[in-house]
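The values are calculated or read from the model by the stated rules, or taken from the named source; none is laboratory data. Given the structure is predicted, the values throughout are model-derived calculations rather than measurements. Cβ atoms come from the backbone with ideal geometry, glycine included; neighbour counts cover every protein chain shown.
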Amino acid sequence: MSVEKPSPLDERRAGFARYKNDVKKRGKPFYPYAMFHDTVMSLVVVGVIIALAAIWKWTSWSPHHDGTHQGLLGPEYAAPADPGTVSFVPRPDWYFYFLFDLLRIFKWPESVFLGTIGIPTVLLILLLALPFYDVRRERRPSRRPVAMVAALLTIVSMGVLTWKGATAKEALASEVIADVPNWVKAEHLPPAALPGANLFATAGCTSCHTYLGVGSSNLDAPDLSAIGARGLGIAFQIRHLQCPSCVNPGSPMPKFASLGPVRLHELAVFLESSKGTH
């Protein structure tokens, strides 16, 4: 006489019943014991964060808020950001180095979606769904080759991407500069516009604007490939670069007055010379 094999659901129910009996005999349930410990530890962590914030604030405070007073955890304020700099290399925090290097693999703008949203989101969903599709009771590493190989590859890939992101030299500006000769040829730019084109490539303008398909459009920033066809004039371009919100109220574009009159004029000449490829 054959004995009917219990279904996986019956096995899980029986295992859960054994767990409940074992908890009653030898252990303590998650609620309220473990939950109480987690709550206490969370309060400790929050308290430490608040204490560090208070120490930073009240030991670095200065009457003029000029960032000159060095506290125990650093100054209250650092130097204000200069949107006109052409030498600053933006770097993420160390825990984003892996994503920083991932974006160097998936070049913008066509495939940047994969590096920023696609791959991280898919991996996060797989991680969150792990308890639902991995229902095996076996937990010994030697009996779980697929899971161990996946975990090892994840650790190695994250480590390699983090290390490469930490040691990588910023190539974004050089990649944009490499397109300047194409701009000159496609737009038939005069020699006088070349310094402004190089400045446009190195000053981070393509972080918000696009030019002949290069760059990314952020905050509704317009494409500048044919901005010169509007006939705005060099003087207008300079005034707009110095104070965008003064010329266009409500503009989110930062001021670039720190570039100085010479470089502002170079950039204005380049913009006025950009009349499109037609």
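Within the stretch 215-239, the set of residues being without any contact (Cβ under 8 Å) to a residue 40 or more places away in the chain and buried (at least 21 other Cβ atoms within 10 Å of the Cβ) comprises Q237 only. Looking across the stretch 220-260, the residues that are over 27 Å from the mean Cα position of the chain (by Cα) and not in a helix (DSSP H, G or I) come down to A226, G231, L232, G233, C243, N248, P249. So which residues in the stretch 102-118 are farther than 18 Å from A168 by Cβ and either surrounded by fewer than 11 Cβ atoms within 10 Å (Cβ to Cβ) or in contact with a helix residue (DSSP H, G or I) (Cβ under 7 Å, 6 or more places away or on another chain) (or both), if there are any at all? Within the stretch 102-118, E110, I117 meet the criteria.
Taking (1) at positive phi; (2) modelled with pLDDT of 90 or more in turn, D220 satisfies each apart from (2).
Quick grid of which residues meet (1) at pLDDT 90 or above; (2) surrounded by 14 or more Cβ atoms within 10 Å (Cβ to Cβ); (3) over 19 Å from the mean Cα position of the chain (by Cα):
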site	(1), (2), (3)
R144	no, yes, yes
A147	no, yes, yes
T154	no, no, yes
L161	no, yes, no
K164	no, yes, no
A171	no, no, no
S174	no, no, yes
I177	no, yes, yes
V184	no, yes, yes
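In contact (Cβ under 8 Å) with a residue 24 or more places away in the chain and surrounded by 10 or more Cβ atoms within 10 Å (Cβ to Cβ): is that true of G15 in this structure? When the stated conditions are applied, G15 passes them.
If you go through the stretch 25-59 and pick out every residue that is surrounded by 10 or more Cβ atoms within 10 Å (Cβ to Cβ), of a type in the set (K, R) and assigned to a helix (DSSP H, G or I), you end up with 1. Considering (1) assigned by TED's automatic domain parsing to the domain that holds P252; (2) in contact (Cβ under 8 Å) with a residue 12 or more places away in the chain; (3) more than 27 Å from the chain's Cα centre (by Cα), the lone condition that A201 does not fulfil carries the number (3).
Looking only at the stretch 187-207, residues that are touching a strand residue (DSSP E or B) at 6+ places or on another chain (Cβ under 8 Å), more than 12 Å from L271 (Cα to Cα) and surrounded by 18 or more Cβ atoms within 10 Å (Cβ to Cβ) come to 1 in all.
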